[in-house]
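See structure below.
The values are calculated or read from the model by the stated rules, or taken from the named source; none is laboratory data. Remember, predicted model here, so these are calculated numbers, not experimental data. Counting neighbours? That spans all protein chains shown, and the Cβs are built from the backbone with ideal geometry, glycine included. Calculation scope for accessible area: heavy atoms of the full protein, side chains included, ligands and nucleic acids excluded. Shrake-Rupley method; radii C 1.70, N 1.55, O 1.52, S 1.80 Å.
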Amino acid sequence: MILLQTAGLTRRYAGLVAVDAVDMDIPAGGIHAVIGPNGAGKTTLFNLISGVVPPSAGTIRFAGSAVTSLLPHERARLGIARTFQNIRVFGAMTVLENVLTGLHAHLSATLPEIVARLGRFRREERAAVDRAKDALALVGLSARADARAAALSYGDQRRLEIARAMVAEPRLLLLDEPAAGMNPAETEALAALVRRIRGFGTTVLLVEHDMGFVMDLSDTVTVLNFGRRIFQGTPAEVRREPAVIEAYLGPKVAERLARREAATRAG
Amino acid sequence: MIIPPWLDDFLWTYQNLIHALGINGLLALSMYVVLAVGQLSLGQAAFMGLGAYSSALMTLKLKLPFFMVLPASCVVPVLFALAIGVPTLRLSGVYLAIATIGLGEVLRAVYLNVDYFGGALGLSGIPERAETWMIYGLLFAAVAILWLVGRSGVGRAMEAMREDETAAGVMGVNVGRYRMGALLASAVLAGLAGALGAHVSSFIGPNEYGFEPAVTILSYALLGGIGTPLAPVLGAWILTLLPELLRGFSDLRLVFNGVIIVLAVLFLPNGLLSWRMKRRGA
């Protein structure tokens, strides 16, 4: 089953086509990556999928229905969640409150119920807090629940963003450069976390420059260059594809990735 | 209830100030709800004027009793808030601020030039029907409701929007609806304040609702802060009391007033009451 499908998806800015007629099929389940050189349109593609910017042309279908004209909050309700390349936690709010915000689309208490502090509101709020604590436990931030989000370290803020996106149990999670700025140990922990997320049945679509990370985790890889999709395939196919090697990987990296794969297989 | 004579004297002497403190508190809350979702409106004085004029006319021309006039005074400000909000709230940035400044000036010209609104002389002979307890009852209710709403998913959404609208939208917050809801709530509060003001002072005129009061109302929230609903009310009280306390300085009064605001903004960027409320309802 195809979870996410873009057809002819295009976003033009003045004098620049950031995303150019991209056709992409992301199957339900698994981990999928979008790679490409800087400026290839990866983040714009994520902005289009999450509804942060409207497309200039083309369509987006999610779980069988057209979402092209839906606003971000409507897509969130359908189960599209994301993190941001430049971290965007709500800095003045606590870590737990940040995660609770991720449940916003799933709260149904009305204003009179909130003002009267009716039982339904309080039950819903307690349930939300429990879910938020579970999400923090998932990313290992339980101890920091009451800290201000701005006081967290860079890596912890990245994990907070993942908890905030995952708390509503989305069908599709978009991770925009999740390993950026992380050391090898942190990257390894992140890979384990992404695998766990896959285990929950959430489909993961990620943009990442760390090729070891991408090749180890991904089921499919989509390659963008100058806004165009130049290839989509398995990691092994992508590594061997001359167009990808020329546009992005370069011969040395391709060779190293091949050696690495051989070593893993032997080991 | 028996009021001791000294308190009775005090209340009588400072009646106008006591009314002004309550009404300006409501205006500060009207500013707060807009700032709390990260928008800037300079239409609070205009909404207040609409509430004042519409309620005064209902009392003077339609002879309606005050218990009907007071709630009805929200209607006209809310209609104007809808008319101005629908086109401007889709856009981000300063469009709302500019449109609401325009609204205030247009309305002032209308009050001045249309005889039905009394022209430059304004409307006088408004019966003094608003009681002190009504003003403070509404102020207390408004603070309580905003506090309870602030400690819920709605309050979290508002603060999230203020910090990062894009991220809030991606988290599922209907950003447009929250912006509009805040503007409407702000129009209701300002309309009530206007009606109460008109019915304690017996006279209203076009210049009471222009640009200058709009900026004064903004400074209430800037001075007090917007961490909790109490903060802007504190700001309003200080800025309402300050001219009275500085009366001895006569001509220098406004200078001191201005200097205090400038110092507060420079050294207390989050306002005097900068602590923020928890955003959990359970």
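Restricting attention to the range A:67-78, does a residue exist that is more than 26 Å from A:ARG120 (Cβ to Cβ), surrounded by fewer than 22 Cβ atoms within 10 Å (Cβ to Cβ), among the aliphatic types (A, V, I, L, M) and more than 10 Å from chain B (Cβ to nearest Cβ)?
Kept after step one, since they are more than 26 Å from A:ARG120 (Cβ to Cβ), are these residues of the range A:67-78: A:67-72, A:75.
Remaining after also requiring surrounded by fewer than 22 Cβ atoms within 10 Å (Cβ to Cβ): A:67-71.
Okay, now just the ones that are also among the aliphatic types (A, V, I, L, M), so A:67, A:70-71.
After this cut, where a residue has to be more than 10 Å from chain B (Cβ to nearest Cβ) as well, the list is A:67, A:70.
Taking every residue of the range A:67-78 in turn, at least one turns out to be more than 26 Å from A:ARG120 (Cβ to Cβ), surrounded by fewer than 22 Cβ atoms within 10 Å (Cβ to Cβ), among the aliphatic types (A, V, I, L, M) and more than 10 Å from chain B (Cβ to nearest Cβ).
Enumerate the helices (runs of 4 or more DSSP H) found wholly within the range B:114-203, keeping only those where 1 or more residues are open to solvent by 40 Å² or more (accessible area, probe 1.4 Å) and farther than 30 Å from A:ASN98 by Cβ.
Correct list: B:132-150, B:175-201.
This table checks each residue for (1) at pLDDT 95 or above; (2) assigned to a loop (DSSP other than H, G, I, E, B).
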| position | (1), (2) |
| --- | --- |
| B:MET1 | no, yes |
| B:LEU7 | no, no |
| B:LEU11 | no, no |
| B:GLY25 | yes, no |
| B:TYR32 | yes, no |
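Condition check: surrounded by fewer than 18 Cβ atoms within 10 Å (Cβ to Cβ) and β-branched (Val, Ile, Thr). Does B:VAL259 satisfy that?
The answer is yes for B:VAL259.
Would you be able to say whether some residue in the range A:215-234 is in contact with a Pro (Cβ under 6 Å, 6 or more places away or on another chain) and under 30 Å from A:SER56 (Cα atoms)?
yes
Scan A:ALA132, A:ALA81, A:ALA105, A:ALA92 and give me the residue that is crowded, with 24+ Cβ neighbours inside 10 Å, small (Gly, Ala, Ser) and under 19 Å from B:GLU165 (Cα atoms).
Testing whether each residue is crowded, with 24+ Cβ neighbours inside 10 Å, small (Gly, Ala, Ser) and under 19 Å from B:GLU165 (Cα atoms) leaves just A:ALA81.
Identify, please: which residue in the range B:181-203 is modelled with pLDDT under 95 and touching a strand residue (DSSP E or B) at 6+ places or on another chain (Cβ under 8 Å) and is, among those, nearest to B:PHE117 (Cα to Cα)?
Ranking the candidates gives B:PHE203 first.
Quick check on my filter: what residues within the range A:19-48 are in a strand (DSSP E or B) and crowded, with 22+ Cβ neighbours inside 10 Å?
A:VAL19, A:VAL22, A:ILE26, A:ILE31, A:HIS32, A:ALA33, A:VAL34, A:ILE35, listed by residue number.
Which residue is nearest to the other protein chains (Cβ to nearest Cβ), if the candidates are limited to the range A:91-117 and must be over 16 Å from A:LEU136 (Cα atoms) and not in a helix (DSSP H, G or I)? So that I can check it myself, show each step before the final result.
Kept after step one, since they are over 16 Å from A:LEU136 (Cα atoms), are these residues of the range A:91-117: A:91-92, A:104-117.
Checking the rest, the ones that are also not in a helix (DSSP H, G or I) come to A:91-92, A:107-110, A:116-117.
Working: A:GLY91: 6, A:ALA92: 6, A:LEU107: 4, A:SER108: 9, A:ALA109: 7, A:THR110: 10, A:ALA116: 8, A:ARG117: 7 Å.
Among them, the one singled out is A:LEU107.
Please find, among A:LEU224, A:LEU206, A:LEU172, the residue that is within 14 Å of another protein chain (Cβ to nearest Cβ) and open to solvent by less than 30 Å² (accessible area, probe 1.4 Å).
On the way: A:LEU224 fails: within 14 Å of another protein chain (Cβ to nearest Cβ); A:LEU206 fails: within 14 Å of another protein chain (Cβ to nearest Cβ).
So the residue among A:LEU224, A:LEU206, A:LEU172 that is within 14 Å of another protein chain (Cβ to nearest Cβ) and open to solvent by less than 30 Å² (accessible area, probe 1.4 Å) is A:LEU172.
If only one of A:GLY212, A:GLY181 is out of contact with any Pro (no Cβ under 8 Å at 6 or more places or on another chain), under 25 Å from A:LYS252 (Cα atoms) and open to solvent by 60 Å² or more (accessible area, probe 1.4 Å), which one is it?
That would be A:GLY181, the only listed residue that is out of contact with any Pro (no Cβ under 8 Å at 6 or more places or on another chain), under 25 Å from A:LYS252 (Cα atoms) and open to solvent by 60 Å² or more (accessible area, probe 1.4 Å).
So which residues in the range B:234-272 are within 27 Å of B:GLU163 (Cα to Cα) and outside any helix (DSSP H, G or I)?
Those that are within 27 Å of B:GLU163 (Cα to Cα) and outside any helix (DSSP H, G or I): B:LEU268, B:PRO269, B:ASN270, B:GLY271, B:LEU272.
Which is in contact with a strand residue (DSSP E or B) (Cβ under 9 Å, 6 or more places away or on another chain) and not acidic (Asp, Glu), of B:ALA56, B:ALA109?
B:ALA56
What about A:ALA76, is it under 17 Å from the mean Cα position of the chain (by Cα) and under 29 Å from B:ARG162 (Cβ atoms)?
yes
Go over the candidates A:ARG120, A:ARG131, A:ARG82, A:ARG61 one by one and state the one that is among the charged types (D, E, K, R) and within 10 Å of another protein chain (Cβ to nearest Cβ).
Selected residue: A:ARG82, the only one of A:ARG120, A:ARG131, A:ARG82, A:ARG61 that is among the charged types (D, E, K, R) and within 10 Å of another protein chain (Cβ to nearest Cβ).
Conditions: (1) closer than 17 Å to B:CYS74 by Cα; (2) touching a Pro at 6+ places or on another chain (Cβ under 9 Å). B:LEU35 meets all but one. Number of the miss?
(1)
Pick out, from the range B:40-95, the helices (runs of 4 or more DSSP H) lying fully within it that include 2 or more residues that are open to solvent by 10 Å² or more (accessible area, probe 1.4 Å), within 17 Å of B:GLY125 (Cα to Cα) and in contact (Cβ under 8 Å) with a residue 24 or more places away in the chain.
In the range B:40-95, B:44-60 are the helices (runs of 4 or more DSSP H) which contain 2 or more residues that are open to solvent by 10 Å² or more (accessible area, probe 1.4 Å), within 17 Å of B:GLY125 (Cα to Cα) and in contact (Cβ under 8 Å) with a residue 24 or more places away in the chain.
Identify all residues within the range A:227-243 that are open to solvent by 60 Å² or more (accessible area, probe 1.4 Å) and of a type in the set (D, E, K, R); write none if there are none.
Matches in the range A:227-243: A:ARG228, A:ARG229, A:GLU237, A:ARG240.
Here is a check on your reading of the model: is B:ILE23 closer than 28 Å to B:ARG156 by Cα, out of contact with any strand residue (DSSP E or B) (no Cβ under 9 Å at 6 or more places or on another chain) and open to solvent by 20 Å² or more (accessible area, probe 1.4 Å)?
No.
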